[in-house]
Amino acid sequence: MARGLDLTATSIFIALFAAVTVLGFLGARGRKSDNGELAEWGLGGRSFGTLITWFLLGGDLYTAYTFVAVPALVFGAGAVGFFAVPYTILVYPLLFAVFPRLWSVAHANGYVTAADFVRGRFGSGLLALTIAVTGIIATMPYIALQLVGIEVVLAGLGIPGRLPLVLAFSVLAAYTYMGGLRASAMIAVVKDLLIYVTVIVAVIAIPIELGGFAKIFASVPASKLILAPMTTGNLGQQSGYATLALGSALALFLYPHAVTGLLSSSSRHVIRRNAVILPAYSVALGLIALLGYMALAAGVKSMPAYAAGFKAFGPNFAVPALFVQMFPSWFVGVAFAAIGIGALVPAAIMSIACANLFTRNIYKEYLSPNCSPAREGQVAKLTSLVVKLGALLFVLGMPQIYAINLQLLGGIWIIQTLPSVLLGLYTRRLHPVALLIGWAAGIAAGTWMEMQLGLKGSIYALHVFGETIPCYAAFSALILNLGLSVALSSVFNLFARNPLADATLAEDYV
Amino acid sequence: MTERGGNRRRFRLVHLFLIVPYVAILWVPLFNRIEPSIAGVPFFYWYQMLWIALGALVLLPVFMVEERDRKSE
């Protein structure tokens, strides 16, 4: 490193980290009704009201990696990187209209995971297992990326070595094990407040220092400022942008950690209210995206002090470099703590979500069908440790790019559960075998497109009637999946037993 | 449909509000331009930032109608 350890920033970073750790362990105690059951540890007893759910979902969905990677994409690729904003705009009408149904049916039947719901709705163990495994595999690299987020800020502080990363993660593992989702909820409150403070200060102070937003945008190359326009026979970047936003929005609440956040709320109305108030985080995200341009305008890329960081982390180092360049040391400590703690919350919830899936849909379903509720809770706790250890070893042992690539693939895979989970909320007429075939085709097509792209992006150009239509690979794969699921269902239903197996009732959904 | 009984949430015209953000955001040529810019911020950026707020606002009428229905049930 060209720069040494920043003592002031590091002290503040460590102090905030320690404070949050104490809070996490406090969250582990003081529960009225802990009976050691899975819904207690893994869903916080389904007890969170509107405000806590707002902090929890905000802390869960807007991850540390988002805060590093979104501005990095804007920094590197320009306007395309801004897709995170339309993506989060499109999420909330969907959350509002659809997901209260999932809450209701889960509450009525004691479901902890989306795969639980699919098991009950379609009566197919294989389909439920498929949903569960897809969820776990799509989430694992996401956890690893949170670690990458911590690594980036540690490098920004000038802390050498990887021991601090192991330390931070051990703390995370310990309080998740003890406190479950409640501990995450407490930490989410602090994390989100720190993020808001950092963002507000950043978007006021940095533009003033750089001479205003006009100057910042003027420093962006014209070709990057908006999307490449349509030409004859080619829709250009615009169809890629739209499908990227829509596909990401459709995928978000299929992720296990998002489902866990939703099901932990105390009523369906908490979810509806949150669909209205969660966009506050999107404002922060939009401003954070613009930090990418501020980093361009500040010219951190060409400064020798940050050369080592850019060499190790690529564009992901843009925001840490910008903060170090622009902020006094003590505030660098606050901002980096916001990102570092911001990594802990989603990582904890993701590991809890994976643990819930494994316990409910693999352990209880196949390994120990008669296990007691207390045993279920115990297995989930242990699984959360294994999941996090796996993510840690992955980040320590593999090049960073593997985690990034796998997370890209994870988005393509998780969206293939949409027909079973989302359409399943509205109709039972889909046939489980058709859903499985649709899923397999979607996974295969999506993965194939991604391989053709060499994992360098997710926009794959389709050629339809002589038109070139660049499209988010997850989205086109989903269309194939949906088409097969619906068409084959109508065929298979001709031969299906009547009535169709369905453990849920129509009145469970309202 | 194999759904048993009624008890489904009624569809109302106000629910069409939920589609508005999708039209405004997915029709990219509508906002893929630099002018009119505000204080040096290109249209592309401020339009989408504005829709974060508008996206939350269009949920409000739907929310309020549903709340009214819920209370009158």
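Hey, got the dipole for the protein assembly as shown? About the Cα centre, +1 on K and R Cβ, -1 on D and E Cβ, debye to the nearest 20?
On the way: 36 positive and 22 negative charges, 122 e Å.
Dipole of the protein assembly as shown, to the nearest 20 debye: 580 debye.
How do A:H257, A:H431, A:H463, A:H269 rank when sorted from fewest to most other Cβ atoms within 10 Å of their own Cβ?
On the way: A:H257 28, A:H431 25, A:H463 10, A:H269 16.
So the ranking, lowest neighbour count to highest, is A:H463, A:H269, A:H431, A:H257.
Please give, to one decimal in nm, the separation of the simple spin-label points placed at B:L16 and A:M398, each 7 Å out from Cα toward the Cβ.
Inter-label distance under the simple model: 4.9 nm.
If you average the C-alpha positions of segment A:199-243 and of segment A:459-508 separately, how far apart do those two centres end up, in angstrom?
When both Cα centres are located, 35 Å separates them.
Farthest toward the dipole's positive end in chain A, which of A:S372, A:L193, A:Q416, given Cβ charges of +1 (Lys, Arg) and -1 (Asp, Glu) about the Cα centre?
It is A:S372.
Given +1 on the Cβ of Lys and Arg, -1 on the Cβ of Asp and Glu, and no further charges, what dipole in debye does segment B:13-72 carry about its Cα centre, rounded to the nearest 20?
On the way: 4 positive and 4 negative charges, 14 e Å.
With only Lys, Arg, Asp and Glu charged at Cβ, the dipole is about 60 debye.
Between A:E467 and A:H107, how high is the FRET efficiency from 1/(1 + (r/R0)^6) when r is the Cβ-Cβ distance and R₀ = 60 Å? Nearest 0.05. Let's see the in-between values first.
On the way: r = 46 Å, r/R0 = 0.77.
That pair, A:E467 with A:H107, gives E of 0.85.
In chain A, if the dipole is taken from +1 on Lys/Arg beta carbons and -1 on Asp/Glu beta carbons about the Cα centre, which of A:L23, A:L436, A:W54 is farthest to the positive end?
Going by the charge dipole, the pick is A:L23.
Figure the gain on full extension for A:K301 and A:F492 (residue separation times 0.36 nm, minus the Cα-Cα span) and round it to one decimal in nm. Mind dumping the intermediate values first?
Numbers: separation 191, 0.36 × 191 = 68.76 nm, distance 5.78 nm.
Extra length available between A:K301 and A:F492 comes to 63.0 nm.
Let me have the relative contact order for chain A, percent, based on Cα pairs under 8 Å that are six or more residues apart.
On the way: 836 pairs, mean separation 160.6, N = 510.
RCO, chain A: 31 percent.
Of the beta bridges DSSP finds with both residues in the protein assembly as shown, what % are antiparallel, to the nearest 5?
Numbers: 8 of 10 bridges.
So the antiparallel bridges in the protein assembly as shown amount to around 80 percent.
Taking 32 Å as the cut-off for C-alpha to C-alpha distance, list the pairs among A:K364/A:K388; A:K388/A:K456; A:K364/A:K456; A:K301/A:K381; A:K224/A:K388 that go past it. Can you show the working numbers first?
On the way: A:K364/A:K388 21 Å; A:K388/A:K456 27 Å; A:K364/A:K456 39 Å; A:K301/A:K381 43 Å; A:K224/A:K388 38 Å.
Those over the limit are A:K364/A:K456; A:K301/A:K381; A:K224/A:K388.
Relative to the present Cα-Cα distance, how much length would full extension add between A:N234 and A:A18 at 0.36 nm per residue of separation?
On the way: separation 216, 0.36 × 216 = 77.76 nm, distance 5.35 nm.
Here the answer is 72.4 nm.
Laboratory data are not the source of any read-out in this text; all were calculated from the coordinates shown. This structure is a prediction, so every number in the text was calculated from the model and none was measured. So basically every Cβ, Gly included, is an ideal-geometry build from the backbone, and we count neighbours across all protein chains shown.
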